[in-house]
């Protein structure tokens, strides 16, 4: 090697090693295709190459195992980019090239994306919270895809009768965790702000919430404590306003965005969070811990769900049928600053006779 090129080579090795968090010797082994490097270290070096703008040597360029479509709703709800990132990364790690398709109101429809993906000859498609989750939408599109031999995986929205693996968060467990937490803080007037009930996750949350407050709080008309609205900040604000004005001291929301709207509703009514009212979200979206106040929420296990979805799809693509029973993933309650002890003026807790007070109508 000519002396004039040596500093450049050393600089590149040093930069790559620093970026990847490995030694220059490890970088050298990866670049030269030598053994003795873990898969994790090798991937770190390849990622560093990409991030620093170096072109991968020909021998290191991964040949795609095929194209996989990933259809997600609009990205204004941060949980959907989180799902997309996890699923795309896991597909790439397995050698597949993900094709991300994001929807927006008035934009490209799910059916149009399906045709586009079919034109590209994809090996399979992952649907996240798509029309499969809408109980009023036809499932024919999925039957047609299966009829053409295209492997599918459905995330958050079980569609009975569709020949595809399904991965979902356990909404019943989510409601149980949220209500147990609020009940332990002394809240007895608890409401639910949830999205349109035509969507499977919304219906499951609504059904679980109604059954739980009837069972634990003795509520005789649980539906009076539920408001269906849009999965948006504005929807959450409208629903929470109705619930707070009817005497509820705590509100469980169907998404973190709705919970942020509920906090706005409280403040517009002159109520403090959590001193006067408590708010629980759902998703644990990125950055939600930095809101004011930091949001108590039920975390969807996005990495585990993404891994399961990709594993099921790859199994289908490679000829090993994945189970058709729905895989339910247990969520986790993350307690932060938006929930607190029920105010002294709240309805009393259960007394020795088992009687409970419910929210004002």
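The values are calculated or read from the model by the stated rules, or taken from the named source; none is laboratory data. This is a predicted model, so every value here is computed, not measured. Don't worry about glycine lacking a Cβ; one is built from the backbone with ideal geometry, like all the others, and counts go over all protein chains shown.
Among the candidates 72, 30, 37, which residue alone is closer than 30 Å to residue 308 by Cβ, at pLDDT 75 or above and in contact with a strand residue (DSSP E or B) (Cβ under 7 Å, 6 or more places away or on another chain)? Before you say what the answer is, go through the steps one by one.
Working: 30 fails: in contact with a strand residue (DSSP E or B) (Cβ under 7 Å, 6 or more places away or on another chain); 37 fails: in contact with a strand residue (DSSP E or B) (Cβ under 7 Å, 6 or more places away or on another chain).
Checking each option against the conditions leaves just 72.
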Residues to consider are 88, 74; find the one that is under 30 Å from residue 259 (Cβ atoms) and assigned to a loop (DSSP other than H, G, I, E, B). 74
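Anything in region 322-355 that is in contact with a helix residue (DSSP H, G or I) (Cβ under 9 Å, 6 or more places away or on another chain) and modelled with pLDDT under 95? List them, or say none.
Step one: list which residues in region 322-355 are in contact with a helix residue (DSSP H, G or I) (Cβ under 9 Å, 6 or more places away or on another chain), which gives 322-323, 327-336, 338-339, 342, 349-350.
Selection gives 322, 323, 349, 350.
The rows are residues; the columns are (1) surrounded by 19 or more Cβ atoms within 10 Å (Cβ to Cβ); (2) within 23 Å of residue 210 (Cβ to Cβ); (3) touching a strand residue (DSSP E or B) at 6+ places or on another chain (Cβ under 9 Å).
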| position | (1), (2), (3) |
| --- | --- |
| 230 | no, yes, no |
| 249 | yes, yes, yes |
| 252 | yes, yes, yes |
| 271 | no, no, no |
| 286 | no, no, no |
| 301 | no, no, yes |
| 304 | no, no, yes |
| 318 | no, no, no |
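Could you identify the single residue in 278, 311, 255, 246 that is in the same structural domain as residue 199 (by TED's automatic domain parsing) and under 30 Å from residue 127 (Cβ atoms)? Spell out how you get there, then give the answer.
Numbers: 278 fails: under 30 Å from residue 127 (Cβ atoms); 311 fails: in the same structural domain as residue 199 (by TED's automatic domain parsing); 246 fails: under 30 Å from residue 127 (Cβ atoms).
Exactly one residue qualifies, and that residue is 255.
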In region 200-220, what residues are in a loop (DSSP other than H, G, I, E, B) and touching a helix residue (DSSP H, G or I) at 6+ places or on another chain (Cβ under 9 Å)? 219, 220
Find the residue count for region 274-324, including only residues that are within 21 Å of the chain's Cα centre (by Cα), closer than 20 Å to residue 239 by Cα and part of a strand (DSSP E or B). 8
Which pairs turn up if I take residues in region 270-298 that are at positive phi and look for partners that are in a loop (DSSP other than H, G, I, E, B) and at pLDDT 95 or above with beta carbon separation below 8 Å, at least 6 apart in sequence or on another chain? 283/255; 283/300; 284/300
The one condition residue 193 fails out of (1) assigned by TED's automatic domain parsing to the domain that holds residue 256; (2) crowded, with 17+ Cβ neighbours inside 10 Å; (3) in a loop (DSSP other than H, G, I, E, B) is (3)
For residue 158, are the conditions met, namely being closer than 21 Å to residue 306 by Cα, assigned by TED's automatic domain parsing to the domain that holds residue 104 and in contact (Cβ under 8 Å) with a residue 60 or more places away in the chain? yes
Name the single residue that is surrounded by the fewest Cβ atoms within 10 Å (Cβ to Cβ) among those in region 175-190 being in a helix (DSSP H, G or I) and out of contact with any helix residue (DSSP H, G or I) (no Cβ under 9 Å at 6 or more places or on another chain). 184
Read through the list (1) assigned by TED's automatic domain parsing to the domain that holds residue 321; (2) touching a residue at least 40 places away in the same chain (Cβ under 8 Å), then give the number of the only condition that residue 198 fails. (1)
Within the bounds of region 125-136, is there any residue that is surrounded by fewer than 18 Cβ atoms within 10 Å (Cβ to Cβ) and more than 18 Å from residue 165 (Cα to Cα)? yes
